[in-house]
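Notes for the one structure printed next.
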Amino acid sequence: MEAWSRWFRAWPLLLRGRFLEAWQDSTGFWASILARGINNSLWLLVFYLFFLRFPEVRGFRFEDLVLTWAMAFGALGLLQVLWGGVLGLARLAETGELEVHLALPVPPLPYLLSLRLQPTGLGDLLWSMGTLVFLGVNWLYALCALIGASLVALGFFLALASLSLWGLRVQSLLPVAYAGLVQFATWPPNVYKPTIKALLLSLIPAFWLGPLPARAVLEGSGLLTLWASGLGFLALGSVGFWVGLRRYVAPGG
């Protein structure tokens with residue numbers, strides 16, 4: 001309990017330290033943020049031209065696409081800003097650097113998750129917030145949906161990264177998994193067959209990042225389900241981490 005208390009007091013300072021670390025190259029910092037905003041906006045422009053030709057794709061309009069993108073990139077951006085360390089956790093385990101961090105008198109999981117702040121994630125988050133302002137959505141619904149979706153992403157990547165604690169080399173798979181989530185989370189959900197939809201709600205939880213949060217923002221319902229799923233994925237990832245950590249520190253135990 002004392003270790004958790006120390007961590008909660010230190011967490012704001014840790015986040016500030018990660019921000020200042022990223023800010024050391026201020027030009028690169030702002031370039032990364034600007035690049036994400038331009039990249040996302042250019043892709044939306046491409047789809048805008050597409051929807052001019054085909055105004056509706058199985059009930060999915062351009063406005064639906066914009067909101068879905070804003071939620072997906074906002075959730076993943078929030079993940080990278082607050083808990084970006086999850087994307088480097090597998091590398092620490094695979095290189096042996098994890099043992100250095102385990103010696104610190106703080107709870108290992110939240111500390112490890114806070115080790116990294118990605119400027120590109122901040123770019124996605126700021127772009128998402130700007131887009132939500134432009135759309136004029138209910139901010140309470142949007143904020144709740146973003147946090148719930150971010151918890152889903154955190155649990156998914158934590159479960160995947162925890163496989164490295166069992167000796168599997170998964171760090172090279174994380175960028176592929178990230179790109180896959182983005183791809184499936186930002187595409188019209190009605191184009192998928194039921195079996196694919198079931199997969200995108202479970203093993204590859206892309207629907208929890210884009211389409212379902214967008215629907216929750218529009219309808220004001222489904223937020224509890226989204227949060228329950230987020231906490232469920234987070235619990236699954238946390239159990240995977242702690243079980244794997246026991247094996248990592250005591251392989252013969």
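The values are calculated or read from the model by the stated rules, or taken from the named source; none is laboratory data. As the structure is a prediction and not an experimental result, all values here were calculated from the model. A quick note on method: Cβ atoms are made from the backbone with ideal geometry, for glycine too, and the neighbour counts reach across all protein chains shown.
Filtering G77, G130 for residues that are closer than 29 Å to S26 by Cα, out of contact with any strand residue (DSSP E or B) (no Cβ under 9 Å at 6 or more places or on another chain) and surrounded by fewer than 18 Cβ atoms within 10 Å (Cβ to Cβ) leaves a single hit, G130. Does region 11-18 contain any residue that is touching a Phe, Trp or Tyr at 6+ places or on another chain (Cβ under 9 Å), loosely packed, with under 14 Cβ neighbours inside 10 Å and either in a helix (DSSP H, G or I) or at pLDDT below 95 (or both)? For region 11-18, residues touching a Phe, Trp or Tyr at 6+ places or on another chain (Cβ under 9 Å), loosely packed, with under 14 Cβ neighbours inside 10 Å and either in a helix (DSSP H, G or I) or at pLDDT below 95 (or both): absent.
From the list A22, A93, the lone residue that is in a helix (DSSP H, G or I), touching a Phe, Trp or Tyr at 6+ places or on another chain (Cβ under 9 Å), modelled with pLDDT of 90 or more and not acidic (D, E) is A93.
Taking the criterion of being over 17 Å from F241 (Cα atoms) and not hydrophobic (A, V, I, L, M, F, W, C), would at least one residue in region 153-166 satisfy it? The answer is no; no qualifying residue exists. Cβ separations smaller than 9 Å between residues 6+ apart or across chains give the following pairs from region 93-116 residues that are over 17 Å from W11 (Cα atoms) to residues that are surrounded by fewer than 14 Cβ atoms within 10 Å (Cβ to Cβ) and at pLDDT 90 or above: E94/R169.
In the set L143, L158, only one residue is in a helix (DSSP H, G or I) and surrounded by 18 or more Cβ atoms within 10 Å (Cβ to Cβ); that residue is L158.
I'd like the full set of residues that are among the charged types (D, E, K, R), part of a helix (DSSP H, G or I) and touching a helix residue (DSSP H, G or I) at 6+ places or on another chain (Cβ under 6 Å), limited to region 96-140.
Initially, region 96-140 is screened for residues among the charged types (D, E, K, R), giving 97, 99, 116, 124.
When the remaining residues are screened for being part of a helix (DSSP H, G or I), the result is 99, 124.
Listed by number, the list holds a single entry, D124.
Filtering region 51-64 to residues that are surrounded by fewer than 13 Cβ atoms within 10 Å (Cβ to Cβ), over 24 Å from the mean Cα position of the chain (by Cα) and assigned to a helix (DSSP H, G or I) leaves L52, R53.
None of V217, V239 is part of a helix (DSSP H, G or I) and in contact (Cβ under 8 Å) with a residue 60 or more places away in the chain except V217.
Based on what the data block shows, is S150 under 30 Å from T95 (Cα atoms) and either crowded, with 22+ Cβ neighbours inside 10 Å or touching a residue at least 40 places away in the same chain (Cβ under 8 Å) (or both)?
Details: under 30 Å from T95 (Cα atoms): yes; either crowded, with 22+ Cβ neighbours inside 10 Å or touching a residue at least 40 places away in the same chain (Cβ under 8 Å) (or both): yes.
Answer is yes for this residue.
Take the conditions (1) crowded, with 21+ Cβ neighbours inside 10 Å; (2) within 13 Å of the chain's Cα centre (by Cα); (3) more than 24 Å from A216 (Cβ to Cβ); T120 misses just one of them, which is (1). Filtering region 213-225 for residues that are more than 29 Å from V137 (Cα to Cα), touching a Phe, Trp or Tyr at 6+ places or on another chain (Cβ under 9 Å) and either of a type in the set (V, I, T) or buried (at least 20 other Cβ atoms within 10 Å of the Cβ) (or both) leaves an empty set.
Cβ-Cβ distances below 6 Å connect the following pairs, each with a first residue in region 16-38 that is touching a residue at least 60 places away in the same chain (Cβ under 8 Å), a second residue that is of a type in the set (S, T, Y), and a separation of six or more residues or different chains: S32/T120; R36/T120.
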